[in-house]
Amino acid sequence: MVAISDAAAVNEKRDMRRSIIERRNQINSVERLARSGVICTKVHNFLNEKIDVSHQLIAVYFAMNSEVDPLPLVEQLMGEGARICYPLMVKCAAVGTAASASDASGAAAGGSAAGGIPPRAKEMRFFEVPAQRFAEHKSTVLNRQLHAFEIDELLAAGLHEVAPAEIAAVVVPLVAFDDQGYRLGYGGGNYDQFLPQLRPGAAVVGVAFEEQRVCAVPHESHDLQLPEIITG
């Protein structure tokens, strides 16, 4: 599929995003939890085929609303000695020109940034969460994807920032996907900027429910294809 014009893609993405989130929201919460567990098992197997997870730094995300919940995967990986990091939005020291409203939506990993800080006033960065403090941070930091933190408050909370080149594998959230590996995110472009910074050979996998599959995701020239998408 050839990339369409940026203006057309933005409009199509907006409509598809709304439609697929509504479809995903219709999955029963009990079923969603069970199917998330199945997906986590598949992702765990995939990661173990790619890397020795012990002591490796693996990036995940904190599920919001009706997303696939990777928590069972995180708990299993931590039990195997993996180091886990999460994306958080951090305020930038210098604020550039405000971007369009469409770029602002969903700038956080997993949701809309409506009413928040303009996209160039914050950026997605990854922080390692110590296993011994994971339960604490789940309810105080990780569940606040739409919040833009001061870097100092994250460091004071015991989180350690990691560079993309340190990360061995990434589990990527998404709204919709197609068979060519194109991913529709939440509109912030954070993963499109982050993924090219990974070290060569890093394992990258998207996760989704089958209800999120579409015939074709409208994509622009800067949109990346995911090498692997696991569903359930």
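The values are calculated or read from the model by the stated rules, or taken from the named source; none is laboratory data. Worth saying up front: this structure is predicted, and the values here are computed from it rather than measured. All Cβ positions, glycine included, derive from the backbone under ideal geometry; neighbour counts span all protein chains shown. With ligands, DNA and RNA removed, areas are computed over all heavy atoms of the protein, side chains included. Shrake-Rupley method; radii C 1.70, N 1.55, O 1.52, S 1.80 Å.
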**Study point:** Other-chain or far-sequence residues with amide H under 5 Å of Val207's (modelled H)
**Key:** Val172, Leu174, Ile230
Practice item. Mind checking which lysines have their Cα closer than 20 Å to the Cα of Lys42? Skip sequence neighbours fewer than 8 apart in that chain. Key: Lys50
Review point. Counting alpha carbon pairs within less than 8 Å and at least 6 residues apart, what relative contact order, in whole percent, applies to the chain?
Key: 25 percent
Exercise for review: Could you work out how far the C-alpha centroid of the stretch 126-190 sits from that of the stretch 20-94, in angstrom?
Suggested key: 10 Å
Study note, to complete from the structure: Once amide hydrogens are built 1.01 Å from N within the peptide plane, the residues lying 5 or more places from Ala82 or on another chain with amide H under 5 Å from its amide H are His55
Check your understanding: Mind checking which of Ala169, Ala202, Ala93 has the largest fluctuation in a GNM of the chain, springs on alpha carbons under 10 Å?
Key -> Ala93
Revision key, fill the gap. With only helices counted (DSSP H, runs n ≥ 4, each -39500 (n - 2.57)), the per-residue ellipticity at 222 nm for the chain, to the nearest 500, works out to -9000 deg cm²/dmol
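Ignoring ligands, DNA and RNA, what accessible area per residue does the chain give at 1.4 Å, in Å²? Intermediate results must be reported in sequence, preceding the final value.
Details: 10620 Å² over 232 residues.
Value returned for the chain: 46 Å² of accessible area per residue.
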Check your understanding: Which one of Ala203, Ala7, Asn48 is farthest out on the positive end of the charge dipole of the chain, using unit charges on Cβ (Lys, Arg +1; Asp, Glu -1) and the Cα centre as origin?
Key -> Ala7
Check your understanding: What residues qualify as long-range amide H neighbours of Gly185, i.e. H under 5 Å apart, gap of 5 or more or another chain, H built at 1.01 Å from N?
Key -> Val175
Check your understanding: aspartates and glutamates near Lys91 by alpha-carbon distance under 12 Å, same-chain residues fewer than 8 away left out - which ones?
Key -> Glu123, Glu150, Asp152, Glu153
Exercise for review: Mind putting a number on the dipole of the chain about its Cα centre? Charges go on the C-beta only, +1 for Lys and Arg and -1 for Asp and Glu, and I need it in Debye to the nearest 20.
Suggested key: 300 debye
Point to revise | Highest-fluctuation residue, Ala131, Ala156, Ala59 considered, GNM on the chain with Cα pairs under 10 Å | key: Ala156
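Net charge around Ala168, counting only other residues with Cβ within less than 15 Å of its Cβ (Lys, Arg = +1; Asp, Glu = -1)?
On the way: positive: Lys50, Arg83, Arg199; negative: Glu49, Asp52, Glu80, Glu128, Glu166, Glu228.
With Lys, Arg at +1 and Asp, Glu at -1, the net is -3.
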Exercise for review: Express in % the proportion of alpha carbon pairs of the chain at distances exceeding 21 Å.
Suggested key: 55 percent
Check your understanding: Which of the helices in the chain, when you take each full DSSP H run, stretch at least 30 Å along the axis at their Cα atoms and have an average Kyte-Doolittle score of -1.0 or higher?
Key -> 29-50
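Of all the accessible heavy-atom surface of the chain, with the other protein chains kept in place and a 1.4 Å probe, what percent is carbon and sulfur? Numbers along the way, then the final one.
Details: 5410 of 10620 Å².
Ligands and nucleic acids excluded, carbon and sulfur give 51 percent.
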